[in-house]
Amino acid sequence: MPALFVIQGRNHGARYDLAAQPGASTIGRESGNVIQLDDNEISRRHAEIRRVGEAFVIGDLKSSNGTFVNDRRVERAELAGGDRIRIGRTVMIFAANKADEEAAAAVDIVAAASPADGSRIVRTLRDDDSISLAAPEAAQGRWLSRARSNVQVMYRTALAVSHTLDIDELLGRVLELVFEWVAADRGCIMLRDPDSGELRVKSRRDRSDGGGGSLVISRTILDYVLDNGEGVLTSDAQDDDRFASGNSVVRTGVREAICVPMQGRYGTVGVIYVDTTTPLAETIELGGRRFSDEHLKLMIAIGHQAALAVEDTTYYSGMVQAERLAAVGQTVATLSHHIKNILQGIRGGSYLVDTGLDNDDLAMLRKGWDIVRRNQDKISSLVMDMLSFGKEREPDLAPADLATVVGESVETVLQRAAEAGIAIRWEPPQDLPELMFDAEGIGRAVLNVVTNALDAVEGRAAPEVVITAGTDAAAGIARVTVTDNGPGMAPETLTSAFDPFVSTKGARGTGLGLAVSRKILREHGGDVRATSEPGHGATFVLEFPLRQPAPGEAS
C-alpha cells in the first residue's frame, strides 16, 4: 500500500497510508489535515498528495517555505518509489510498494538519546555567537586570527544578502556590517541608475550621532573605480600620483578612504564608499592607519556579494512584476470574455422586450425580461466571486444554523433546477446544533458548489443533485456534501478543478466558483475536497472546524 514514512522531524517514525484516503491527502500543521505534522516551519495547509490514475502527485499549496522532492523545490511533481519529500524540518520517504517500504525502513535518523547514537556534541555555535571566531586565542598566530576574522565577515555578509529581497534593507545591513569591521567615520552605497547610468545614493551611515551633514565624495576616486573596475584605498590621497590630474581629493580633506566597485555578473551596479577624517596627531597616537590592504580586499569581496544580491533582487522584482502583469492580463481576458457573453444575453433579452412593447405582445415581453433577469443574476454572481476571490478577509464568526444557511442556498437555485428538469434532494437535518461560522461566506461557498453540480448534470438523463449537512463530533468538523450524477471528471481535470480561471464549461464558466469556495473554507480553517471518476458523477465535501457558541454567544 502506498505510504509516507517520516525519517526526520518531530513525527519521526510515523507511517501514513495514502491509498486508504479518498481524494487528496493534505499535509500541514493544523488538525484538519489528513497528515498533521508537528513542525512550526510548515504552513497550516502546506501541500497535498493526490492519486492521479495509478500515480501519486504531490502539489504545493502556496506554502511559505516551499515543498521539496529530492532537494528540488516543486509546485507539482509525480512521486516515484523512494523519493525524499522535505517540508520544513520534516523529511519523509514515499513508498509505492513493499520493496520501497523495506528500503524506507532501512533509513533512520537516530532519535535523541538513542543508544545507537555514539556521537557526542562537543561545541555549539549560534549565528550570533560566530563573531567569537574573530577573537584569537593566545596560542594562535596573527595570520590565523585574520583568516578567521575574514571568514566571519564574509559569512555574515552572505547571511545578510540572502535573508532579504528588499534592496534598501539589504544595503543598510551591508553598511552596518562594514562599520562593525572597519573603523570608518562615514560611508554610503551608491547604485547606478539603470536609465542614465548616474550614481544615486541608496544608503548612508555615520558613526557619530551628530552625522547627517553633507558627505563630499571625490569624483576623481569614483571615476577611477568605475572606469577601471578596481577598488581604491587612499591614505593622504593628495600624494597619490594616480589622482594628480584632479584636485577634488585635496578639496574634500579626506585623509583615508576606501571605495570599491559593486561588480555583478553583468557589470558594475554601484560602489561602496567609506572614509575617515581622523586628525594626523590622533592617528599617530593610535599607532598608524585605520585602513589596510586587508580591509580593501575584504571590501571588494563584500562589494561583489552585495552586487550579486542587488542583481538577484532586481531580477526577482522584475519577474514578480511580469508574473503579476501576466496574471492581470489573463484575468482581464477571461473576465472580459465572460462579461461579453453576459452582455450578449442582455442585448438579446432587451431586443425581445422592445419587440414585445412595440407589438403589445405580453408573452414575448416576459420571455425577454426573463432572459435579462437571468443575465443580471450572472453579473451579480460574477461580481461577488471577484470580490470574494480578490480580497483577503477574516471570517465573521457568529452563531448560525447550518441547515438554514444551506437551505437558503438551495432555494436560490430551485427555479433554475425546475426549468431544467433537475431533481434536488435536500432534507434539512433536525438535530444540527447552532454553530459559529460566517453564514454569508459559507452560504456563498455552498451555492457555488451546488451551482457547479447543476451545470454538470444539465442535459443528462434523470439529472439529480443530492445535498446533505451534518457534524462529526469525533473529528471536530461540520460538513456539507454535494453529490451529482453528472459525467464525472478525469484525474487530470480533478487535479486542477480548484485552480482559478480553470473551467470545463467553456463560455458558461469563469473558473472562479470552486476557487472561491475553497478560499472561503480555508479562511475558516477548513477545506473543500472532491472525488470523481469519469461516468460516475462527482462528490464535493465542504468541511470546517466544529465550533459551538459559548453560553453567552447563542443567538
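The values are calculated or read from the model by the stated rules, or taken from the named source; none is laboratory data. In this text, all values refer to a predicted model and were calculated from it rather than measured experimentally. No Cβ is skipped: glycine too gets one built from the backbone with ideal geometry, and neighbour counts run over all protein chains shown. Protein only, heavy atoms only, side chains kept; ligands, DNA and RNA dropped before computing areas. Shrake-Rupley method; radii C 1.70, N 1.55, O 1.52, S 1.80 Å.
The table below gives the values:
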read-out: Net charge, E30 excluded, C-beta distance under 9 Å - Lys, Arg +1, Asp, Glu -1; value: +3
read-out: Accessible area of V6 in the full protein assembly, 1.4 Å probe (Å², nearest 10); value: 10 Å²
read-out: Probe 1.4 Å, all protein chains present, accessible-area order of E464, E198, largest first; value: E198, E464
read-out: Antiparallel %, DSSP beta bridges [both residues in the stretch 1-95], to 5; value: 95 percent
read-out: Accessible area in the full protein assembly, largest first, 1.4 Å probe, for W369, W426; value: W369, W426
read-out: Accessible-area value, D223, 1.4 Å probe, nucleic acids and ligands omitted, Å²; value: 60 Å²
read-out: Inter-label distance for N70 and D361, nm, one decimal - labels placed 7 Å from Cα along Cα-to-Cβ; value: 6.8 nm
read-out: Environment charge at R529 (Cβ cut-off 13 Å; Lys +1, Arg +1, Asp -1, Glu -1); value: +3
read-out: R50, R347, R529, R265, reordered so the largest accessible area comes first (probe 1.4 Å); value: R347, R265, R529, R50
read-out: Accessible area (Å², 1.4 Å probe, nearest 10) - H304; value: 80 Å²
read-out: Karplus 3J(HN,Hα) series, Hz, for the stretch 59-66 with 6.51 cos²θ - 1.76 cosθ + 1.60 (x for Gly, Pro); value: x, 7, 9, 6, 6, 6, 10, x
